[in-house]
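Enquirer: Just dropping this structure here.
The values are calculated or read from the model by the stated rules, or taken from the named source; none is laboratory data. Values in this document were obtained by computation on a predicted structure and should not be read as measured data. Don't worry about glycine lacking a Cβ; one is built from the backbone with ideal geometry, like all the others, and counts go over all protein chains shown. To get the accessible areas, we keep the full protein, side chains included, count just its heavy atoms, and leave off ligands, DNA and RNA. Shrake-Rupley method; radii C 1.70, N 1.55, O 1.52, S 1.80 Å.
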Amino acid sequence: MSWFPLFLNLFALGTAGSIVAVPYKDIGKYYFKFHVLVALLMVALAVALGQPWKGLGAGPFLARTAAAASLLFALLVLVEYAVVRAAGTELRRDALLLPVSTGAVAVALAAFSGAGHGTANAALLAAHLLTCAAVLGTALVAMSTGHWYLANAKLSFDILVRLCRLFVAAVAAKAVVSIVYLAVHFARYRGLEEFDQLVIGVRLIAGLGFGLALALMSLACAKRRANQSATGILYVGVVFVLIGETISMFLTLGQGRPV
């Protein structure tokens, strides 16, 4: 399982999933067009680098199904972008949900085809990947949403509060999954070289510790309607979770050290 194309798909999935929580009528068409375009660019790069079509004709059934689902996810994100561009005053929610649900299935199939150590480990890996998508997507979308208040001062702060809450929940869920992995592999990780332990420490402290603290701070600012403060904190939060989740996916998929 190549880690970087999957990482890009996870980022795109999280971005596409996060905007489902935003009311179309309140924030406008351009907001959705921008975020779906970001997701589309990430998916296109993932397809170009990962070349999932090569996995359609060979390998185990689950691996072939995961490759097909990955291609379908990319196609549906493209269709979603076309639908959003053509939308008027209304946008059907299922146009946003279909690519997200397909992407989640593709990720789950990739986890079950690549885990190779039983159903429980595959399910845990699927949770690991999906929470990665949630952390990246909610952080990015919450941060970018903060800028929309500069263009529309009448925009309800409920939107930013909701996204910040989703960010907090995503980091908390990711922390639970990582703690489970750390507990299961503690003896093994304790025996690693100091540099490898340092990398794991950076992942835990930067991506989870600082990530959760910044998510809570952004939520507190959003509740006080301090948009500029919340957006600034979210900028830093995006950087920390991006560092943490990049290291996490490299360790998990590239080195076989999930955390």
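Enquirer: Could you work out what % of the accessible surface of the chain is carbon and sulfur, using a 1.4 angstrom probe and leaving DNA, RNA and ligands out of the count?
Expert: Exposed carbon and sulfur together represent 68 percent of the surface.
Enquirer: Place a +1 charge on the Cβ of each Lys and Arg in the chain and a -1 charge on the Cβ of each Asp and Glu, then give the dipole magnitude about the Cα centre in debye, rounded to the nearest 20.
Expert: The calculated dipole for the chain is roughly 480 debye.
Enquirer: So how much slack lies between F250 and R224, counting 0.36 nm per residue of separation and subtracting their Cα-Cα distance, in nm? Spell out each step's value before the answer.
Expert: Values: separation 26, 0.36 × 26 = 9.36 nm, distance 3.73 nm.
Using 0.36 nm per residue and subtracting the Cα-Cα distance, I get 5.6 nm.
Enquirer: Sticking with this one: In deg cm²/dmol, rounded to 500, what helix-only [θ] at 222 nm does the chain give when every DSSP H run of at least 4 residues adds -39500 (n - 2.57) and the total is split over its residues?
Expert: -26500 deg cm²/dmol, from helical runs alone.
Enquirer: If ligands, DNA and RNA are left out, what is the accessible area of V38 with a 1.4 Å probe, given in Å² to the nearest 10?
Expert: 40
Enquirer: Take the Cα pairs of the stretch 1-139, get the Kirkwood Rh, then feed it into Stokes-Einstein at 25 °C and 0.890 mPa s and tell me D in µm²/s.
Expert: Approximately 162 µm²/s, per Stokes-Einstein.
Enquirer: So which DSSP H runs in the chain come out at 20 Å plus along the axis (Cα) with average Kyte-Doolittle of at least 1.0?
Expert: Once both thresholds are applied, what remains is 3-18, 29-50, 61-86, 94-115, 119-151, 157-184, 227-249.
Enquirer: Right, next: With the contact rule set at Cα under 8 Å and sequence spacing of 6 or more, what percent relative contact order holds for the chain?
Expert: Dividing the mean separation by the residue count of the chain yields 23 percent.
Enquirer: Would you please classify the overall shape of the stretch 97-246 from the alpha carbon gyration tensor, given that a ≥ b ≥ c denote the square roots of the eigenvalues, rounded means a/c under 1.5, and beyond that prolate means a/b larger than b/c while oblate covers the rest?
Expert: oblate
Enquirer: I'd like the accessible area for W53: 1.4 Å probe, protein heavy atoms, all chains in place, Å² to the nearest 10.
Expert: Here the accessible area works out near 120 Å².
Enquirer: By average Cβ neighbour count within 10 Å, what is the ranking of 128-140, 89-101 from highest down?
Expert: Per-residue mean Cβ counts within 10 Å order the peptides as 128-140, 89-101.
Enquirer: Over 23 Å between Cα atoms: which of K33/K223; K54/K174; K33/K54; K25/K154 fall into that group?
Expert: Values: K33/K223 27 Å; K54/K174 31 Å; K33/K54 31 Å; K25/K154 13 Å.
Among K33/K223; K54/K174; K33/K54; K25/K154, the Cα-Cα distance tops 23 Å for K33/K223; K54/K174; K33/K54.
Enquirer: Further question on the same structure: Of L198, A82, W3, which is farthest along the charge dipole of the chain in the positive direction, counting Lys and Arg as +1 and Asp and Glu as -1 at C-beta?
Expert: The one lying farthest along the dipole's positive direction is A82.
Enquirer: Order the following by accessible area, largest value first: M42, M249. Probe radius 1.4 Å; ligands, DNA and RNA are ignored.
Expert: Working: M42 25, M249 0 Å².
Solvent-accessible surface, decreasing: M42, M249.
Enquirer: Also, I was wondering about something else. At 1.4 Å probe radius, can you tell me the per residue accessible area of the chain in Å²?
Expert: 46
Enquirer: In addition: Tell me which of G50, L124, L219 sits at the most positive position along the dipole axis of the chain, charges placed on C-beta atoms (Lys, Arg +1; Asp, Glu -1).
Expert: The one lying farthest along the dipole's positive direction is L219.
Enquirer: Which Cα, out of I159, L41, F250, lies furthest along the positive dipole direction of the chain (beta carbon charges, K/R +1, D/E -1)?
Expert: I159
Enquirer: Which residues among the stretch 63-101 fall inside the zone where the amide N is under 15 Å from a point 7 Å beyond the Cα of K29, along Cα→Cβ?
Expert: 81-92
Enquirer: With labels modelled as points extended 7 Å from the Cα through the Cβ direction, what inter-label distance (nm, one decimal) is found for R93 paired with V236?
Expert: 3.5
Enquirer: So for the stretch 58-175, averaging the separation of alpha carbon pairs under 8 Å that are six or more residues apart and normalising by length, what relative contact order in percent results?
Expert: For the stretch 58-175, the relative contact order is 24 percent.
Enquirer: Report the accessible area of F34, computed with a 1.4 Å probe over the heavy atoms of all protein chains in place, in Å² rounded to the nearest 10.
Expert: Using a 1.4 Å probe on the heavy atoms, I get roughly 80 Å².
Enquirer: To continue, here is another question. Hey, what did the stretch 124-258 get for relative contact order, percent, Cα under 8 Å, at least 6 apart? Before the final figure, lay out each step's value.
Expert: Working: 138 pairs, mean separation 45.0, N = 135.
RCO, the stretch 124-258: 33 percent.
Enquirer: Also, I was wondering about something else. Based on Cα positions only, what radius of gyration and what Dmax would you give for the chain, in angstroms?
Expert: Over the chain's Cα set, Rg and Dmax evaluate to 18.4, 59 Å.
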